[in-house]
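The values are calculated or read from the model by the stated rules, or taken from the named source; none is laboratory data. Every value quoted in this text rests on a predicted model; they were computed, and no experiment measured them. When we count neighbours, we look across all protein chains shown, and the Cβ atoms used for this are built from the backbone with ideal geometry, even at glycine. Heavy atoms of the whole protein, side chains included, go into the accessibility calculation; ligands, DNA and RNA do not. Shrake-Rupley method; radii C 1.70, N 1.55, O 1.52, S 1.80 Å.
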Amino acid sequence: MWHTSTINKILRNEKYIGDALLQKTYTTDFLNKTRVKNNGIVPQYYVEGNHEAIIPKDIYLQVQEELVRRRVVKTSANGKKRSYSCNHCFSQIVICGECGEMFRRLHWNNRGVKSIVWRCISKLEPTGLECHARTINELVLQDAVVKAINQMLGDKSSYQAQLQLNIASVIRASQVTSVENIDRR
């Protein structure tokens, strides 16, 4: 079984692209062989192409960009900061049309019937916003997404034309490539 800390170390380790960062730790006491993490006390050296790469550098850099994107805290409509959640494929994607807050996944037990539903955070927390959005059953949400995807893929000509227009507009505006601008587009 893989632990989260192990995967995080693998994702952040430059050795997989053939590079090496020297002097991540240093010895403080030679007699006791005590090593500590280098926080800028001793100079570090980055060696590119030190050994054969296991993964391509562009994939590694994409992973680093995604890690930064997930560290960025999002500010909701009422000004509250919310961090990345990867518990479900719809997390942070389903947004309330009335108040602009995100929907949260909940396990409901309604009169002995257990179900999974999505509710606006404004109904769950005191956000200062009054929201009248309805609770959505997860199966209904899944069906709606599948229907939308099938409808989009069914009409390939308009979908492909729109996709080509989107790609062209992104390429034209390639001067601005920050993650926030790409997410906004």
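General remarks:
- Exactly one residue out of 147, 81 is of a type in the set (D, E, K, R) and farther than 28 Å from residue 66 by Cβ: that is 147.
Residue by residue, here is whether (1) at pLDDT 90 or above; (2) open to solvent by 80 Å² or more (accessible area, probe 1.4 Å) holds:
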| residue | (1), (2) |
| --- | --- |
| 15 | yes, yes |
| 20 | yes, no |
| 25 | yes, no |
| 32 | yes, yes |
| 38 | yes, no |
| 42 | yes, no |
| 52 | yes, yes |
| 56 | yes, no |
| 65 | no, yes |
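- Considering only residues in segment 67-100 that are part of a loop (DSSP other than H, G, I, E, B) and polar (S, T, N, Q), the one that is modelled with the lowest pLDDT turns out to be 78.
- Any hit, segment 101-122, residues being open to solvent by 50 Å² or more (accessible area, probe 1.4 Å), acidic (Asp, Glu) and part of a loop (DSSP other than H, G, I, E, B): no
- Hits in segment 45-75 (condition: charged (D, E, K, R) and in contact with a Lys or Arg (Cβ under 8 Å, 6 or more places away or on another chain)): 74
- Number of positions in segment 123-139 that are part of a helix (DSSP H, G or I) and open to solvent by 90 Å² or more (accessible area, probe 1.4 Å): 1
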